[in-house]
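A short write-up of the structure that comes next.
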Amino acid sequence: MMNLTSIGDMARGMTLQTRSTELRNQIETLSYEMSTGKVQDVSGRLDGDFSHLLDLDRSLSRLDAFQVSTAEAGLFTDAMQLSLTTVNNSVTELTSSLLSFGTSNQAVSHENASVQARNELDMIMSALNTRAGGRSLFSGAATDVSPLPSTDTLLAALEAELTGYTTAADIRQAAEDWFNDPAGFDAVVYQGSDIALAPMQISENESVRIPITATNPALKDSIRDIAVAALVSDDALNLPRDQRTGLFTQLGVDLANTQNDIVNLRAQVGYAAARIEEAATHNSAAQTSLEYSRNELIAADPYETAAQLQTVQFQLESLYSVTVRNANLSLVNFLR
């Protein structure tokens, strides 16, 4: 004789409800995996061993930091290159003018030369006071302050040193002595730090160092000669006309010689910028590789997940149909 086992209506309802909950949870999990491409149960996928995943996350975190640092370093070098380009253009423009003005012994030419020198000095000092990302470019470690004061402040300090000299040679020598004296330009005018800017880390084992400040010899020489040119026609110096002409000519020659040094500064910055760009490219490639490895660890197969999702949805729909039919059962319907 065969024994038949049956369950009551309440137990059947609980069984159907439990199964419905299980299927809905499966659908939620599979939907998450379809939308994110990652398994929800990471621990199960990795058998509880998170060491490799954590190592990848640490490496990716470091690369994220380097991505920020290379972007900041690139901004810094680009802004510095633009500033040096401005300096170079001003020196080039004034060099040509001074050599041209120096061939004339007319007072109006002298006056024009000093006016142009003043204008170019304004542009140079403004360029050297440029900031990038809130940091001064040419102040060394003191990135929170501008390296140079106003043009008026510089010219007033220099004029005090030059007053009393009556020959072009003496004025030129006095200006050179004051700019070279640690108690002169560096102490009276320069407002930045004597400590160079700290190296900028651009990768795990590579950093970029740009120790250029407003006290760099090439920049100081340019500022000195242009500042002297701006003061040559000043009544306080009271230089004879022929002395002015000779001084303008010599300053033009000196500035022409300085141009090569400024070009070298631009080359240094350009080399640093190239290294930064190269490091950023390598970091990006490494980041892509690590992200691929990480995704491989916890990725959900899209085709398998879609197939499972379709199967579970069908099972849930079937369960609902069974539940509805079960709910419609009654003794009257059974006796029919």
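The single condition from (1) in a helix (DSSP H, G or I); (2) closer than 22 Å to Met123 by Cβ; (3) among the polar types (S, T, N, Q) that Ser139 fails is (1).
From the list Thr70, Thr86, Thr77, Thr130, the one residue that fits, being within 15 Å of Ile262 (Cβ to Cβ), at pLDDT 90 or above and of a type in the set (Val, Ile, Thr), is Thr86.
Screening the candidates Val145, Val115 for the property of being surrounded by fewer than 21 Cβ atoms within 10 Å (Cβ to Cβ) and outside any helix (DSSP H, G or I) yields one hit, Val145.
Residues in the range 127-169 that are small (Gly, Ala, Ser) and closer than 22 Å to Asp181 by Cα: Ser139, Gly140, Ala141, Ala142, Ser146, Ser150, Ala156, Ala157, Ala160, Gly164, Ala168, Ala169.
I want to confirm something. Restricting to the range 236-258 and keeping residues that are within 13 Å of Asp225 (Cα to Cα) and of a type in the set (S, T, N, Q), which single residue is surrounded by the fewest Cβ atoms within 10 Å (Cβ to Cβ)? Spell out how you get there, then give the answer.
The first filter runs over the range 236-258 and keeps only residues within 13 Å of Asp225 (Cα to Cα), leaving 247-258.
Subsequent filtering for residues that are of a type in the set (S, T, N, Q) retains 249-250, 257-258.
Values: Thr249: 17, Gln250: 17, Asn257: 11, Thr258: 23.
Here the residue is Asn257.
Filter the range 156-175 for residues that are buried (at least 16 other Cβ atoms within 10 Å of the Cβ), closer than 15 Å to Thr249 by Cα and of a type in the set (A, V, I, L, M) and give the result. If you could, list the steps in order and put the result at the bottom.
In the first step, residues of the range 156-175 are kept if they are buried (at least 16 other Cβ atoms within 10 Å of the Cβ); the result is 157-159, 161-162, 165, 168, 171-172, 174-175.
Narrowing further to those that are closer than 15 Å to Thr249 by Cα: 168, 171-172.
Across the range 156-175, the qualifying residues are Ala168, Ile171.
Listed by first and then second residue, the pairs linking a residue in the range 63-85 that is more than 13 Å from Leu265 (Cα to Cα) to a residue that is assigned to a helix (DSSP H, G or I) and of a type in the set (D, E, K, R), with Cβ atoms under 7 Å apart and 6 or more places separating them unless they lie on different chains, are Gly74/Glu277. Within the range 152-191, the set of residues being within 37 Å of the chain's Cα centre (by Cα) and touching a residue at least 60 places away in the same chain (Cβ under 8 Å) comprises Leu154, Leu155, Leu158.
Condition check ((1) touching a His at 6+ places or on another chain (Cβ under 8 Å); (2) among the acidic types (Asp, Glu)) across all residues:
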| site | (1), (2) |
| --- | --- |
| Asp234 | no, yes |
| Arg241 | yes, no |
| Ile276 | no, no |
| Gln287 | no, no |
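With over 17 Å from Leu162 (Cα atoms) and either free of Cβ contacts under 8 Å to residues at least 12 places away in the same chain or part of a helix (DSSP H, G or I) (or both) as the only criterion, which of Leu247, Leu251, Leu219 stands out?
Values: Leu247 fails: over 17 Å from Leu162 (Cα atoms); Leu251 fails: over 17 Å from Leu162 (Cα atoms).
Result: Leu219 is the single residue among Leu247, Leu251, Leu219 that is over 17 Å from Leu162 (Cα atoms) and either free of Cβ contacts under 8 Å to residues at least 12 places away in the same chain or part of a helix (DSSP H, G or I) (or both).
Listed by first and then second residue, the pairs linking a residue in the range 108-123 that is closer than 9 Å to Ala230 by Cα to a residue that is in a helix (DSSP H, G or I) and aromatic (Phe, Trp, Tyr), with Cβ atoms under 6 Å apart and 6 or more places separating them unless they lie on different chains, are Ala113/Phe101; Ala113/Phe248.
The values are calculated or read from the model by the stated rules, or taken from the named source; none is laboratory data. Keep in mind it's a predicted model, so treat the numbers as computed, not measured. FYI the Cβ positions are ideal-geometry reconstructions off the backbone, even for glycines, and counts take in every protein chain you see.
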